[in-house]
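The values are calculated or read from the model by the stated rules, or taken from the named source; none is laboratory data. Predicted model only: the values in this text are computed from it and were never measured. Positions of Cβ are backbone-derived with ideal geometry, glycine not excepted, and every protein chain shown enters the neighbour counts. The area values use the complete protein model at the heavy-atom level, side chains included, leaving out ligands, DNA and RNA. Shrake-Rupley method; radii C 1.70, N 1.55, O 1.52, S 1.80 Å.
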Amino acid sequence: MAKSLEENGPRAPAAEGSLSGTRESLAPGPDAAATDELSSLGSDSETNGFAERRIDKFGFIVGSQGAEGIRLRCQKGIPPSLRGRAWQYLSGGKVKLQQNPGKFDELDMSPGDPKWLDVIERDLHRQFPFHEMFVSRGGHGQQDLFRVLKAYTLYRPEEGYCQAQAPIAAVLLMHMPAEQAFWCLVQICEKYLPGYYSEKLEAIQLDGEILFSLLQKVSPVAHKHLSQQKIDPLLYMTEWFMCAFSRTLPWSSVLRVWDMFFCEGVKIIFRVGLVLLKHALGSPEKVKGCQGQYETIERLRSLSPKVMQEAFLVQEVVELPVTERQIEREHLIQLRRWQETRGELQCPSPPRLHGAKAILEAEPGPRPSLQPSPSIRLPPDAPLSGSKGKSKTSKQVQKEPRKPGKESGQQDRPPAPSQAKAAAATGDASPPQDVPPKDLAPQDSAHHRSRESLTSQESEDTYL
């Protein structure tokens, strides 16, 4: 039976027991123009000109910025032309694809479990119905969405399908093909949000308690109000976290949140949730209008557009000092309480990895080669047309005219009479010295031209 919902990167650890941390600002400084120009480089042609940039063992560009530059770039927003590729590399989906060639095609060709196929088909038209990819029933967008979700039910049959996976997969399909979207979905479900989509939804319940505990330190007023109203965190945070705010925030804010989420991990999801709760219920004036559970839930469902605005929300998220260390400490506390009151977890989930660097450390991919990669590749023993015979004759002909010149004084001497008579008798006559032989033409042969084309194209075809 399908599980349903309601309708439609790392900083330095803070001190124990506190929420103190480094407050970062996105406001442009005096050197913001130069810094932004360098940090926005991402395409192959742009990075070719910087010799000091190289790739470290985690796949990050090192040099003047390194991993910190990647994090700041994701906070500023990944350029739309690079967003799909960046998400694949940050999540480790690219490495998964390289490690499992042909796996998605194999799953795509399999028939699938009938109990999940019918549920998936019913959910296809509910995902972004006004987007051009999913507006038409049976269109290419809905077909790819069906393929990705069906493949995941075959890849993880113990989890099957959860409705919250559909909007996640739909956002990925807007930025990459179906196969790449599938492996990014796998990474989200297994590394970023493990256990969220299992049958018992135990992981999301634990994270709800973690969010509520962190809220006490971020906004005591909001925490006190929710405690007095006895509102369970699952009533307002389930859709936020399981759909990664793709059904809650404006589209521009969703993309900015996902950029940071892929880079820094689930702490971004916690920060966004804390910011929304703080600005919705964080003052006595705002709490006065929410005297009951219904009014409070409606307030959290109809958030202020100013709070969800892209620039404001990102600035608040960046400045909120909640680290992965605090999240993991709260996770251990809540897990201990769960075991004391409810027993062991029925569906234990693997450890959560916080951000791109942690994922690449756990699953390092093949290191990219920085050697020149010419566009023309020939086997080592392949003969080039017109290069063997002509090159030998041209070398011999080039050496022959130089032989008389090596012996000093022989060019101006007249031939001996005996030598002249022997030459006349045999009929041999040397060619004039100022007329080039025909065999000298292969200097401009196909072999020479191909070598020049290889060297001239190295800079164009070589990329980091």
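Can you pull out the residues in segment 140-168 that are in contact with a Phe, Trp or Tyr (Cβ under 8 Å, 6 or more places away or on another chain), among the polar types (S, T, N, Q) and within 17 Å of ILE204 (Cα to Cα)?
Result: GLN165, single match.
Looking only at segment 230-244, which residues are part of a helix (DSSP H, G or I) and over 20 Å from TYR192 (Cα atoms)? Write out each step before concluding.
Narrowing segment 230-244 to residues part of a helix (DSSP H, G or I): 234-242.
Within segment 230-244, LEU235, TYR236 qualify.
So, of the residues in segment 311-349 that are at pLDDT 90 or above and in contact with an Asp or Glu (Cβ under 6 Å, 6 or more places away or on another chain), which turns out to be farthest from GLU199 (Cα to Cα)?
VAL318
Looking at (1) assigned to a loop (DSSP other than H, G, I, E, B); (2) open to solvent by 10 Å² or more (accessible area, probe 1.4 Å), find the lone condition where GLU179 falls short.
Here GLU179 meets the rest and fails (1).
Could you say whether any residue in segment 350-360 is at pLDDT below 75 and surrounded by fewer than 14 Cβ atoms within 10 Å (Cβ to Cβ)?
No, that holds for no residue.
Mind listing just one residue for me: the one in segment 290-310 that is assigned to a loop (DSSP other than H, G, I, E, B) and modelled with pLDDT of 90 or more and, of those, surrounded by the fewest Cβ atoms within 10 Å (Cβ to Cβ)? Walk me through how you get there before you give the answer.
Going through segment 290-310, the residues assigned to a loop (DSSP other than H, G, I, E, B) turn out to be 290-292, 302-304, 309.
Remaining after also requiring modelled with pLDDT of 90 or more: 302-304, 309.
Values: SER302: 9, LEU303: 15, SER304: 13, GLN309: 15.
Going through the qualifying residues, I end up with SER302.
GLN216 passes all but one of (1) buried (at least 23 other Cβ atoms within 10 Å of the Cβ); (2) modelled with pLDDT under 95; which number fails?
Exception for GLN216: condition (1).
Which of (1) on the phi < 0 side of the Ramachandran plot; (2) small (Gly, Ala, Ser); (3) open to solvent by 40 Å² or more (accessible area, probe 1.4 Å) is the odd one out, the single condition GLY84 does not satisfy?
It is condition (3) that GLY84 fails.
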